[in-house]
Amino acid sequence: MSKDYYEILGVEKNVSKEELKRAFRKKAHKLHPDKGGDEAKFKEANEAYHVLSDDEKRRQYDQFGTTFDNAGAGAGGFNGFSGGQGMNFEDLSDIFSGMFGGGGFGGKSRARGSDIMVDVDLEFKESIFGVEKEILLSKNSSCERCGGTGAEPATKMKTCTDCNGQGFKTTVQRTMLGAVQTRIACSTCNGQGEEPEQKCTTCHGIGLEYGRKTMRVDIPAGVEDGMRIRLRGQGESIGAEGDPGDLYLRVHVKVDHRFERQGTNLYYLKKVGFTQAALGDEVEVETVDGTATLKIPAGTQSGDKLRMRSKGVKMGSSRGDQIVVVQVITPKKLNREQKKLLQELDLKE
């Protein structure tokens, strides 16, 4: 069943964009995890607003109950907020100040956007040497036109008329302990104390854009399957009033059955004939750099390990080795002459 975005934001279907924005800000402030709210419902409200604030998406939603937009698949938010559960220090400060006339606990901590996780597939060789990858994700970003301020370029900001530039509103509640005074961030200016004289024509004053982003990222040499790479500040943005979250790349390395990785070394199995092992030989072996020549010393035994320097995993300025494990193959089919020769040699330990 599709979600009822109007119900999520608590508005009617004929709501105007201005009323919609006010409802979203109010709901977002109430549900924000840094304020002790519900993170899942906060994301729902954010999703609802981005659909209903877009004329085309809203038309599709009203007609079909969906926007047919699957752009967010494969990249989801998680652990998105830096604050803990429950009331934060600012709330406690305001309450104690209202009850006892005392001072606060300190300044307000900045809110933080959600982190995003993206899966990245690598070939085995790419994990050894590193690679530049192009990734596609859908997220909230600061509006490029206004830089996240919500104001049309070349226009000024003005003092918020709703909170008179204070950035907060004060409410008084009657409790069994008496009157309790609480400060809440102004929903009109998001606690900034000022609002644009002319709203940005792209983001309509929100300071955010939701869309698909293409990024080119450098995957370092030596990464292993299951590793996570953190890109600070590349996650969800929440506008000028907070810091963006982080982007995590979860690495999946494809298996190359020729090699087994152990730390910075690569292990490779090479089969050689009985005569090659007994008399010595030069053989061709595969490496991640391509084909190379390896000398098999005379008298090599099955299971012996031969080291090829600097043919392993690159890690910073150094590089591991490739360990070639020799497997001596005993001939299964011999003709009469071959059998006679071996019998004459009478090779026994």
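The values are calculated or read from the model by the stated rules, or taken from the named source; none is laboratory data. Values in this document were obtained by computation on a predicted structure and should not be read as measured data. Positions of Cβ are generated from backbone atoms using ideal geometry, with glycine treated the same way; all protein chains shown enter the neighbour counts.
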Exercise for review: Go through region 1-23 and give me each residue that's touching a residue at least 40 places away in the same chain (Cβ under 8 Å), not basic (Lys, Arg) and not in a loop (DSSP other than H, G, I, E, B).
Suggested key: Tyr5, Tyr6, Ile8, Leu9
Review point. When region 222-248 is examined, which residues are found to be of a type outside the set (S, T, N, Q) and touching a Ser or Thr at 6+ places or on another chain (Cβ under 8 Å)?
Key: Gly222, Val223, Glu224, Asp225, Gly235, Glu236, Gly239, Ala240, Pro244, Gly245
Exercise for review: Please enumerate the residues belonging to region 151-173 that are in a strand (DSSP E or B), at pLDDT 80 or above and exposed (fewer than 15 other Cβ atoms within 10 Å of the Cβ).
Suggested key: Lys158, Thr159
**Study point:** Number of the condition not met by Gly226 [criteria: (1) of a type in the set (Gly, Ala, Ser); (2) buried (at least 16 other Cβ atoms within 10 Å of the Cβ); (3) within 30 Å of Ser138 (Cα to Cα)]
**Key:** (2)
Practice item. State yes or no: is Lys133 under 30 Å from Val288 (Cβ atoms) and charged (D, E, K, R)? Key: yes
Point to revise | Residues located in region 96-131, provided they are part of a loop (DSSP other than H, G, I, E, B) and at pLDDT below 50 | key: Gly101, Gly102, Gly103, Gly104, Phe105, Gly106, Gly107, Lys108
Revision key, fill the gap. Checked region 139-174 for anything closer than 15 Å to Ala185 by Cα and among the charged types (D, E, K, R); matches are Asp162, Lys169
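This table checks each residue for (1) among the charged types (D, E, K, R); (2) in contact with a Pro (Cβ under 9 Å, 6 or more places away or on another chain); (3) buried (at least 17 other Cβ atoms within 10 Å of the Cβ).
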residue: Lys271; (1), (2), (3): yes, no, no
residue: Gln276; (1), (2), (3): no, no, yes
residue: Glu282; (1), (2), (3): yes, no, no
residue: Pro297; (1), (2), (3): no, no, no
Exercise for review: Determine whether Gly233 is touching a residue at least 40 places away in the same chain (Cβ under 8 Å) and outside the structural domain of Gly290 (by TED's automatic domain parsing).
Suggested key: no
**Study point:** Residues of region 181-201 classified as free of Cβ contacts under 8 Å to residues at least 60 places away in the same chain, surrounded by fewer than 17 Cβ atoms within 10 Å (Cβ to Cβ) and of a type in the set (S, T, N, Q), total
**Key:** 2
Point to revise | Looking only at region 123-150, and only at residues there that are touching a helix residue (DSSP H, G or I) at 6+ places or on another chain (Cβ under 9 Å) and surrounded by fewer than 19 Cβ atoms within 10 Å (Cβ to Cβ), the one that is farthest from Glu194 (Cα to Cα) | key: Val131
**Study point:** Among the residues listed as Gly226, Gly165, Gly222, the single one being of a type in the set (Gly, Ala, Ser), in contact with an Asp or Glu (Cβ under 7 Å, 6 or more places away or on another chain) and more than 30 Å from Glu56 (Cβ to Cβ)
**Key:** Gly165
